[in-house]
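Undergrad: Pasting a structure below so you can have a look.
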Amino acid sequence: MSKKVISVKFNNGLSCPILGLGTWKSKPGEVYDAVSSAIDMGYRHIDCAYLYGNEREVGQAIQDKIRSGVVKREDLFITSKLWNTYHRPDLVEPAIRVSLSSLGLQYLDLYLIHWPMAYKEGDDPFPSDANGKVIYSDVDYTDTWKAMENLVKQGLSRSIGVSNFNSKQIDRVLQIAKIKPVTNQVECHPYLGQRKLLEFCQERGIILTAYSPLGSPDRPWAKAGDPTLLDDPKVKLVAEKLKKTPAQILIRYAIDRGIIVIPKSVNKTRIADNFNVWDFKLSKEDIDVISSLDCNGRLIPQAEGREHKDHPFVKEEF
């Protein structure tokens, strides 16, 4: 089944499966089975992050699949991310080593700066003052990027990139980079189509990766009455026409736009359904119908760092 997966080529010549399994919000006790099942079904790309707090269990599933001969390490594409409290250049290498140890790996295929905002250094992921406001660090993400480049030179990560960076921030990184970011991982779905950012990144040889491609229906701050992308009439109309699920339509929508897509699920049936997207394509008409839903509808605002000078969504940058 894994042979069907389309791969994209990064600007450094390395390839990445265009469809992966996301692990954000996948709880310990659930994520082992999710990753194990996904690998059995043909997934070869697993998206992780230190902040998710589940890398040890993800790693256990990966190691068990390698040990049992289901996959070899080189068959897999494993991503992790540098959290905001480890932006200081001397903390970048120790941070990736923590993730590598948890995952049981010698190297990552991709390591991302999770957000452009630096927080006060330390083990508390959201260090806060007496008023509950996050305490920031003055580390500049361009200095963090230089430390990220050293990880490639040391063989700790084959590729490096960014996440949640806006166009201006990407340009600042490119001005100082000796190694270009291969991807920018951002929230992207039909309510937040990211057309301008996609074009901007494509012009610079950077591939967009879409997180929350299904609209993150299980996001903790969702309120009753919030629009649900999977239930949107236009999405359902296309799904019914093509005899596919709304989730399959949304995943294929990203793939047909050349975007890497990492839907999260711990449900075996949905993990299988989400992977069953290789036997159809959306027509231009279908893509136009779904694209018409774009309303700049951001669902993951990262409110904790809102007042940080490097918060990517405060200004009208794309």
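Undergrad: Could you calculate the contour length gain from ARG204 to LYS281, that is, 0.36 nm times the residue separation minus the distance between their Cα atoms, to one decimal place in nm?
TA: Here the segment from ARG204 to LYS281 would lengthen by 25.1 nm.
Undergrad: Now a separate question. The range 2-305: percent of C-alpha pairs farther apart than 30 Å?
TA: Counting pairs separated by more than 30 Å, the tail of P(r) holds 30 percent.
Undergrad: Work out the FRET efficiency for ASN267 and ARG306 from their Cβ-Cβ distance, taking R0 = 30 Å, and round it to the nearest 0.05.
TA: Calculated value: 0.40.
Undergrad: How would the range 130-174 be classified by its alpha-carbon gyration tensor: rounded, prolate or oblate, with rounded meaning a/c under 1.5 and the a/b versus b/c comparison settling the rest?
TA: The shape class here is prolate.
Undergrad: Contact order normalised by length for the range 2-305, with contacts defined as Cα pairs under 8 Å and 6 or more residues apart; what percent is it?
TA: Relative contact order, the range 2-305: 18 percent.
Undergrad: Let's test the formula: R0 of 45 Å, r as the Cβ-Cβ distance of LYS72 and ALA222. What FRET efficiency results, to the nearest 0.05?
TA: With R0 = 45 Å, the Cβ-Cβ based efficiency is 0.70.
Undergrad: Once Rh for the range 122-266 is found with the Kirkwood sum over Cα pairs, what is the Stokes-Einstein diffusion coefficient at 20 °C and 1.002 mPa s, in µm²/s?
TA: D, rounded to a whole number, is 121 µm²/s.
Undergrad: Can you pull the one-decimal nm distance between simple spin-label points at ASN296 and ASP129, each 7 Å off the Cα toward Cβ?
TA: 3.0 nm
Undergrad: Packing-wise, with mean Cβ within 10 Å as the measure, how do 76-85, 263-272 rank, highest first?
TA: Put in order of decreasing packing, that is 76-85, 263-272.
Undergrad: Give me Rg over Rh for the range 1-94, both radii from the alpha carbons and Rh done the Kirkwood way, two decimal places.
TA: Rg/Rh for the range 1-94 comes to 0.99.
Undergrad: Please give the contour-minus-distance gain from LYS243 to LYS178: 0.36 nm per residue of separation, less the Cα-Cα distance, rounded to one decimal in nm.
TA: 18.7 nm
Undergrad: Now for a separate question. What is the packing order of peptides 276-289, 98-111, taking the mean over residues of other C-beta atoms within 10 Å and listing the highest first?
TA: Averaged packing, sorted descending, gives the order 98-111, 276-289.
Undergrad: Please compute the length gained on full extension between LYS27 and GLN63, using 0.36 nm multiplied by the number of residues separating them and subtracting their Cα-Cα distance.
TA: The span from LYS27 to GLN63 would gain 11.1 nm if fully extended.
Undergrad: Next question, about the same structure. Label-point separation (nm) for GLN106 and ASP143, each offset 7 Å from Cα along Cα-to-Cβ?
TA: About 3.4 nm, to one decimal.
Undergrad: Share of antiparallel DSSP beta bridges in the range 2-305, in percent to the nearest 5?
TA: Antiparallel bridges make up about 20 percent of those DSSP assigns within the range 2-305.
Since every read-out is calculated from the coordinates, none of them should be taken as a lab result. Quick caveat, the model's predicted, so the values are computed rather than measured. Cβ coordinates were reconstructed from backbone atoms using ideal geometry, including for glycine residues, and neighbour counts include every protein chain displayed.
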